[in-house]
Amino acid sequence: MKLNPTHDPQARSWLAAANVEGTDFPIQNLPFGVFRRAGSNEAFRGGMAIGDQIVDLAAAARAGVFDGLPQLAAQACSESTLNAFLAMGPVAWRALRQALFAALHRDADAQTVGLLHGCLVPQAEAEHAVPTRIANYTDFYTSIHHARNVGRIVRPDDPLTPNFQWIPIAYHGRASSVVVSGTPFHRPMGQALPPSAVVPVVGPCARLDYELELGFYIGPGNAMGEPIPLDKVEDHIFGICLLNDWSARDHQFWEMAPLGPFLGKNFCTSVSPWVVTMEALAPYRVPFAHPADEPQPLAYLDAAANRDHGGVDVQLEVLLETAQHRAKGVAPDRLSATSFRHQYWTIAQMVTQHTVGGCNLQSGDLLGTGTISGPTAPEAGAIVELSRGGTVAINLPGTGEERRFLEDGDNVILRGWCEKPGAARIGFGRCEGLVLPAVGT
Ligand code: MN
């Protein structure tokens, strides 16, 4: 996790919006996504966020801004998904990042600035798609605080399952219903067993929830039967996004024994349009350790580099904007805030666990971290935790409303950023999704 000149907190761009205090997208960030002009028939293509603009990487490849490996990488980004670029691996990712950094730097030569200026599209005029063609999506369950909070609702005497401190637990999710931020979805129908009922009912979800998570995209995959050892994982992870694993708690808790979530999770998963690269996150890596009095990772889940900097300190918050917030023109209310540094397993351990049995990951695959809940009650990453299974009402100061679960018209907004003295603040943008009424209701 060596730092290089692209992490220099003093670096500035010739694009003024990239130098604005508090921007998510300064020159030290350079996250990737796919986009086109909103409402157009243009092909989606790769782009990179800088300030309030997007560098159109297809246009940059045509304009001849780059040469050598950065040019090959930009050509790969010209496709409608980032899969080909992700498959190129860290040497190509780093080369394109360095070339973009140099071309956007205020010391760039006039000819480069002129060429790149013609490749900018305002973020306000763009629409996005999911950044990769996701063949497989897996969602982990790696916050011990979330596991205890939710476990208490289901198993009050024994909230933590015996495997939690030994295995990064996960379920195989549904790739087809992963959508990009801003895509509304319908409240799911399904089967649930209401409290004290003997016979289940079918109907609209009565306990709709969000899950505050990070997602991460696989770069080069691995061959079936060839696990990725822990000390090689970081060559296979391209970067991190915000992820909301929408959950129908009433359907989920009825159906998940004994094989895990099914319809309770498969109706929608939202991701942010921008993927912040692992290289951009290098200044924010933090040590990983399990408490000394708890089980230590088995040998295959342990490595010196993982102990030294396996964690990532990403600040996170959840905002709720109801129909009344919009009608009254008031700002969304914050439901909770925490950091990813509290997670019980690292993303590297998740990848090693995923592949230890020989499972092959593919370029563009999406892995979710599981709900990110911090150690204190206000840091919970799902409403089922904040409302203690729906028994406690959550007040929304902005409108005077209350929530125990999500209602139709609610828009949930996830935000994430990294910030510390001596490093440039970088952000993830937003991941939001609006709850529409169940179909047929
Ligand atoms: Mn989840």
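The values are calculated or read from the model by the stated rules, or taken from the named source; none is laboratory data. Just so it is clear, the structure is predicted and the values come from calculations on it, not from any experiment. Neighbour counts run over all protein chains shown; Cβ positions are idealised from the backbone, glycine included.
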Checking ALA393 against (1) more than 16 Å from the ligand (Cβ to nearest atom); (2) out of contact with any Asp or Glu (no Cβ under 6 Å at 6 or more places or on another chain); (3) more than 26 Å from PHE288 (Cα to Cα), which test does it fail?
(2)
Hand me the list of strands (runs of 3 or more DSSP E) wholly inside the range 195-255 holding 2 or more residues that are closer than 27 Å to ILE383 by Cβ, within 16 Å of the ligand (Cβ to nearest atom) and at pLDDT 95 or above.
212-218, 237-244
Being under 23 Å from ALA49 (Cα atoms) and in a strand (DSSP E or B) is the filter; apply it to the range 256-297 and report the residue that is nearest to the ligand (Cβ to nearest atom).
THR269
Could you check, for the range 403-419, whether at least one of its residues is in the same structural domain as GLY182 (by TED's automatic domain parsing), assigned to a loop (DSSP other than H, G, I, E, B) and under 30 Å from PRO283 (Cβ atoms)?
yes
Conditions (1) crowded, with 17+ Cβ neighbours inside 10 Å; (2) within 16 Å of the ligand (Cβ to nearest atom); (3) under 30 Å from PHE85 (Cα atoms) -> THR112 fails only (2)
Considering only the range 343-364, I want to know if a residue exists there that is within 16 Å of the ligand (Cβ to nearest atom), in contact with a Gly (Cβ under 9 Å, 6 or more places away or on another chain) and assigned to a strand (DSSP E or B).
no
Hey, does the range 134-156 have a residue that's β-branched (Val, Ile, Thr), surrounded by fewer than 22 Cβ atoms within 10 Å (Cβ to Cβ) and more than 16 Å from the ligand (Cβ to nearest atom)?
no
Could you check the range 366-421 and list, in sequence order, the residues that are touching a His at 6+ places or on another chain (Cβ under 7 Å), of a type in the set (Ser, Thr, Tyr) and over 17 Å from ASP333 (Cα atoms)?
THR371, SER373
When you go through LEU386, LEU406, LEU414 one by one, which is the residue that is within 16 Å of the ligand (Cβ to nearest atom), among the hydrophobic types (A, V, I, L, M, F, W, C) and more than 28 Å from PRO131 (Cβ to Cβ)?
LEU386
With (1) in a loop (DSSP other than H, G, I, E, B); (2) more than 16 Å from the ligand (Cβ to nearest atom); (3) not aromatic (Phe, Trp, Tyr) as the list, and ASN306 as the residue in question, which single condition is left unmet?
(1)
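Quick grid of which residues meet (1) crowded, with 18+ Cβ neighbours inside 10 Å; (2) in contact (Cβ under 8 Å) with a residue 60 or more places away in the chain:
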| position | (1), (2) |
| --- | --- |
| ALA248 | yes, yes |
| GLN252 | yes, no |
| GLU255 | yes, yes |
| PRO258 | no, no |
| LYS265 | yes, yes |
| VAL275 | yes, yes |
| ALA289 | no, no |
| ALA292 | no, no |
| ALA305 | no, yes |
